1. So which of 141, 145 ends up being surrounded by fewer than 16 Cβ atoms within 10 Å (Cβ to Cβ), at pLDDT 90 or above, of a type outside the set (Lys, Arg) and part of a helix (DSSP H, G or I)?
2. Going by the structure shown, is residue 111 over 29 Å from residue 79 (Cα atoms) and at pLDDT 90 or above?
3. Hey, among 37, 55, 104, which residue is within 16 Å of the chain's Cα centre (by Cα) and over 30 Å from residue 141 (Cα atoms)?
4. If you take the residues in the range 71-109 that are more than 22 Å from residue 125 (Cα to Cα) and in contact with a helix residue (DSSP H, G or I) (Cβ under 9 Å, 6 or more places away or on another chain), which one is surrounded by the fewest Cβ atoms within 10 Å (Cβ to Cβ)?
5. Give the range 40-70 a look and list any residue that's at pLDDT 90 or above and at positive phi, or say none.
Amino acid sequence: MPSVQRLLATALVCISFVTSAWADVDVAYLASERAKSLNLPFSEAVRVGNMLYLSGQLGNLPGTMDLAAGGIEGQTRQVMTNIQRILEANNSALEWADMVGVLSQARKEIKKRGVKIDSQRWQCCLNQELLAMVQSGREEAALEALLTNLTDGNSEGLCSRTDQCSPEKCASLPVNSHR
């Protein structure tokens, strides 16, 4: 079971990718029937394009406001169970948390290079091949592949989901340029 620190890091990295560029992307607010029955003023998750952002989770039993038994240990396990349930219900998986380190390093390198990457481009370049590299201990290779895919303006064939990007949205832009 992933550590709470890794989960928090995942949330922070995902949140940091949200920019004004999302205006052109479909947004869906998602909640299970159990969550809807609680009448809480937020969704369990929000899907923006191909990215899924989860709301903060408590160690409560699904469909109730009752905290799991066992104190902090039991509640932490329940948080992770809740997160996994929400991810799976929305066609995602906890395994993507393994990409946090590579995504964080990629963001630092992109910033250092002074290049702005459109949010659609990030979505196009995240794929199962990169995840497999990371999970097999090849983080450096995954980082290099991701950076190449993100910064090469002519990326056809490099990112497995470029068909979801239009050419003008996938080009990398200097930080000070305006479209």
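The values are calculated or read from the model by the stated rules, or taken from the named source; none is laboratory data. What you see is a predicted model; the values in this text were computed from it and never measured. Please note: Cβ atoms are built from the backbone with ideal geometry, for glycine as well, and neighbour counts cover all protein chains shown.
1. On the way: 145 fails: surrounded by fewer than 16 Cβ atoms within 10 Å (Cβ to Cβ).
After applying the criteria, what remains is 141.
2. Details: over 29 Å from residue 79 (Cα atoms): yes; at pLDDT 90 or above: yes.
So residue 111 passes the test.
3. Values: 37 fails: within 16 Å of the chain's Cα centre (by Cα); 104 fails: over 30 Å from residue 141 (Cα atoms).
The conditions single out 55.
4. Per the criteria, the residue is 84.
5. The one that is at pLDDT 90 or above and at positive phi: 70.
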